[in-house]
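Accompanying notes for the structure given below.
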Amino acid sequence: MPIVFIHGVAVRREGDPGWEQVAHATRGVDWQNIHGFLREHVAPVLNPAHPGDVPISELYWGDLGASYGLGGRSLASGQAAAGQAAGTDHSNSELNWAPEALGERLEEDFCRAFPTSLWPEVMAAAWSVARDTNLLDIARSLAPERQLAFLRAAVESRLDLPRQDLREMLEAPRLPRRLVLERRRNLKLTFSTVRRPIEDFVPLFLGDVLSYLGGRGLPAQPGVVMRRVLGGLKAARLDSDPAEPLVVLTHSMGGQLLYDALTSFLPADPDAPGVRVDFWCACGSQVGLFRELGQFLERGPLPTPALLNSPHLGYFWNVWSFSDFLSFRAEGIIQGAHDTAFPFLGNVRSDHLSYLTHANFYRALAAKVKIHTEVSSRSTRPPSLDFRHDET
């Protein structure tokens, strides 16, 4: 009578690559908290006499997900981007005379001083100077502190603008230089605050999805993530009485992993003829969306009958929420799926994780498990359905 939990994307354990980026973004995926709720509410349904004997395990695969090859340098919060966003002043730094490096530097200096409508002319002038070998030879002959000023003057001379307009554009932002830099820093801080929660979650969210889809393998040759899923399901089944139900709770992308396992990988695995998930709850998942978009290995007409009368699945409960923008319906797309829209308070940022933190969700899960599984020793008292409004 085991219970298995399969998490979604952008979940990492401390010490795994990506932990720093997602630690607070996915703080709701707290295995100890989830384990406690499952022990308190679902285990007594499976074994009323000895709920502590019900095996409850997490099928963790976050260490096999995507990771930043350079520690997140592509993010706005990356060190390389931080200096640019703050408007780093290169005035006193040594010149790199390579035409490509010099062109990038002159372009950056002048684009910061001009409106974007004039950037094409500014870019052309900056690069024409950087690639003019005669000008560069003259600049090299000057004292180091005069070299950059000479090159900037050369760029100014090649801009096809009235002299007075050019001087006003170039000098206006330099007069209050301290204020300009402070404004840029404030803008960077403001937008970093806005971007940070998104950057902490979305890149690894997409990275994990793409890593799985690109490396899940084929039924006869499952990829590394799918091998772990299959191994976890087999272990859970082997560690229990075959007559006892196996309950699997998945969150978000964990649902897609289980769907692929049930419809493509388990049917092709000669070592898994007896692996059956008696009750599957997919919460906050995109199973219906992925199937409708044709992103599973299992293909065919819709609504798909792949899970109907499957030897590997009993009941499929898909729990989604109107306020969880990352959850989708499955009923009507996957035959045998049963949808429930769970009500939350409407916090768009946190409701994708709210299933895993609300006791009422686990109470409802326990009730559904009791209704839809065969348990050898039933309790005479139904599980509590105290749906307190202050928790939903």
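Can you tell me which residues in region 238-267 are hydrophobic (A, V, I, L, M, F, W, C) and at pLDDT below 95? Please lay out each step first, then the result.
Here is the first cut: in region 238-267, the ones hydrophobic (A, V, I, L, M, F, W, C) are 238, 243, 246-249, 253, 257-258, 261-262, 265-266.
Selection gives Leu238, Ala243.
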Self-check item: Count of residues meeting criterion [charged (D, E, K, R) and within 23 Å of Gly231 (Cα to Cα)] in region 15-38
Solution: 2
Quiz item: What tally of residues in region 145-176 results from selecting those that are part of a helix (DSSP H, G or I) and modelled with pLDDT of 75 or more?
Solution: 14
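Any idea how many residues of region 354-364 are open to solvent by 30 Å² or more (accessible area, probe 1.4 Å) and touching a residue at least 40 places away in the same chain (Cβ under 8 Å)? Full working, then the answer.
Initial filter on region 354-364 (open to solvent by 30 Å² or more (accessible area, probe 1.4 Å)): 357-358.
Next, only the ones that are touching a residue at least 40 places away in the same chain (Cβ under 8 Å) stay: 357.
The total comes to 1.
Name the residue, out of Ala272, Ala306, that is over 19 Å from the mean Cα position of the chain (by Cα), more than 17 Å from Thr250 (Cα to Cα) and modelled with pLDDT of 95 or more. Walk me through how you get there before you give the answer.
On the way: Ala272 fails: modelled with pLDDT of 95 or more.
From the options Ala272, Ala306, the qualifying one is Ala306.
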Quiz item: Which residues, taken from region 259-285, are open to solvent by 10 Å² or more (accessible area, probe 1.4 Å) and of a type in the set (S, T, N, Q)?
Solution: Thr263, Ser264
Practice problem: Quickly run through region 208-237 and pick out the residues that are modelled with pLDDT of 95 or more and polar (S, T, N, Q). | Solution: Gln221
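Condition first: open to solvent by less than 30 Å² (accessible area, probe 1.4 Å), modelled with pLDDT of 90 or more and out of contact with any Lys or Arg (no Cβ under 6 Å at 6 or more places or on another chain). Can you find one or more residues in region 85-99 that meet it?
From region 85-99, those open to solvent by less than 30 Å² (accessible area, probe 1.4 Å) are 86-87, 95; that's our starting set.
Narrowing further to those that are modelled with pLDDT of 90 or more: 95.
Next, only the ones that are out of contact with any Lys or Arg (no Cβ under 6 Å at 6 or more places or on another chain) stay: 95.
There is at least one residue in region 85-99 that is open to solvent by less than 30 Å² (accessible area, probe 1.4 Å), modelled with pLDDT of 90 or more and out of contact with any Lys or Arg (no Cβ under 6 Å at 6 or more places or on another chain).
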Quiz item: Residues of region 286-330 being among the aromatic types (Phe, Trp, Tyr), out of contact with any His (no Cβ under 9 Å at 6 or more places or on another chain) and crowded, with 17+ Cβ neighbours inside 10 Å, which ones?
Solution: Phe290, Phe296, Trp320, Phe328
Exercise. Evaluate region 199-207: report whether one residue or more is open to solvent by less than 30 Å² (accessible area, probe 1.4 Å), over 28 Å from Leu70 (Cβ atoms) and not aliphatic (A, V, I, L, M).
Key: no
Exercise. Tell me which residues, restricted to region 241-258, are open to solvent by 30 Å² or more (accessible area, probe 1.4 Å) and touching a helix residue (DSSP H, G or I) at 6+ places or on another chain (Cβ under 8 Å).
Key: Glu244
Quiz item: Just one of the numbered conditions (1) without any contact (Cβ under 8 Å) to a residue 60 or more places away in the chain; (2) farther than 21 Å from Val209 by Cα; (3) not polar (S, T, N, Q) is not true of Glu14; which one?
Solution: (2)
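I'd like the residue in region 371-385 that is modelled with pLDDT of 50 or more and out of contact with any Leu (no Cβ under 9 Å at 6 or more places or on another chain) and, out of all such residues, is most open to solvent (accessible area, probe 1.4 Å).
Narrowing region 371-385 to residues modelled with pLDDT of 50 or more: 371-375.
Then drop every residue that is not out of contact with any Leu (no Cβ under 9 Å at 6 or more places or on another chain), which leaves 371-372, 374.
Numbers: Ile371: 119, His372: 71, Glu374: 143 Å².
Across region 371-385, the extreme among qualifying residues is Glu374.
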Quiz item: Does Ala235 count as of a type in the set (A, V, I, L, M), in a loop (DSSP other than H, G, I, E, B) and more than 22 Å from the chain's Cα centre (by Cα)?
Solution: no
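Scanning region 272-294 for residues that are outside any strand (DSSP E or B) and out of contact with any helix residue (DSSP H, G or I) (no Cβ under 7 Å at 6 or more places or on another chain), which turns out farthest from Ala243 (Cα to Cα)?
Initially, region 272-294 is screened for residues outside any strand (DSSP E or B), giving 272-276, 284-294.
Filter once more, keeping what is out of contact with any helix residue (DSSP H, G or I) (no Cβ under 7 Å at 6 or more places or on another chain): 273, 276, 288-289, 291-294.
Numbers: Pro273: 15, Arg276: 11, Gly288: 30, Leu289: 33, Arg291: 31, Glu292: 34, Leu293: 36, Gly294: 35 Å.
The extreme case among them is Leu293.
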Self-check item: Where a residue in region 327-350 is under 15 Å from Ser252 (Cα atoms) and modelled with pLDDT of 95 or more and its partner, wherever it lies, is aliphatic (A, V, I, L, M) and open to solvent by 50 Å² or more (accessible area, probe 1.4 Å), with Cβ under 6 Å and at least six apart
Solution: Phe328/Leu289
Quiz prompt | Odd one out for Pro144, checked against (1) within 41 Å of the chain's Cα centre (by Cα); (2) open to solvent by 40 Å² or more (accessible area, probe 1.4 Å) | solution = (1)
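Mind listing whichever residues of region 221-232 are part of a helix (DSSP H, G or I) and either basic (Lys, Arg) or open to solvent by 20 Å² or more (accessible area, probe 1.4 Å) (or both)? It would help to see each step written out before you state the result.
At the first step, the residues of region 221-232 found to be part of a helix (DSSP H, G or I) are 224-232.
Passing the criteria: Val224, Arg227, Arg228, Gly231, Gly232.
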Exercise. May I ask you to list pairs of residues, at least six apart or on different chains, whose Cβ atoms are under 7 Å apart, with the first in region 209-237 being under 20 Å from Ser252 (Cα atoms) and the second being open to solvent by 50 Å² or more (accessible area, probe 1.4 Å)?
Key: Leu213/Gln295; Gly215/Val224
Exercise. Write out, first by first residue and then by second, each pair whose Cβ atoms fall under 7 Å of each other, whose residues are 6+ apart or on separate chains, and whose first residue, in region 260-285, is at positive phi and in contact (Cβ under 8 Å) with a residue 40 or more places away in the chain while the second is surrounded by 24 or more Cβ atoms within 10 Å (Cβ to Cβ) and of a type in the set (Gly, Ala, Ser).
Key: Gly284/Ser252; Gly284/Ser327
Self-check item: Every residue from region 1-50 that is of a type in the set (S, T, N, Q) and open to solvent by 20 Å² or more (accessible area, probe 1.4 Å)
Solution: Gln21, Gln32, Asn33, Asn47
Quiz prompt | Residue that is farthest from Glu40 (Cα to Cα) [pool: residues in region 332-362 that are of a type in the set (Gly, Ala, Ser) and not in a strand (DSSP E or B)] | solution = Gly332
Practice problem: State yes or no: is Ala80 assigned to a helix (DSSP H, G or I) and at pLDDT 75 or above? | Solution: no
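The values are calculated or read from the model by the stated rules, or taken from the named source; none is laboratory data. All of these numbers come straight from a predicted model, not from anything done at the bench. For neighbour counting, all protein chains shown are included, and Cβ atoms are generated from backbone atoms with ideal geometry for every residue, glycine included. Side chains included, ligands, DNA and RNA excluded: accessible areas come from the protein's heavy atoms. Shrake-Rupley method; radii C 1.70, N 1.55, O 1.52, S 1.80 Å.
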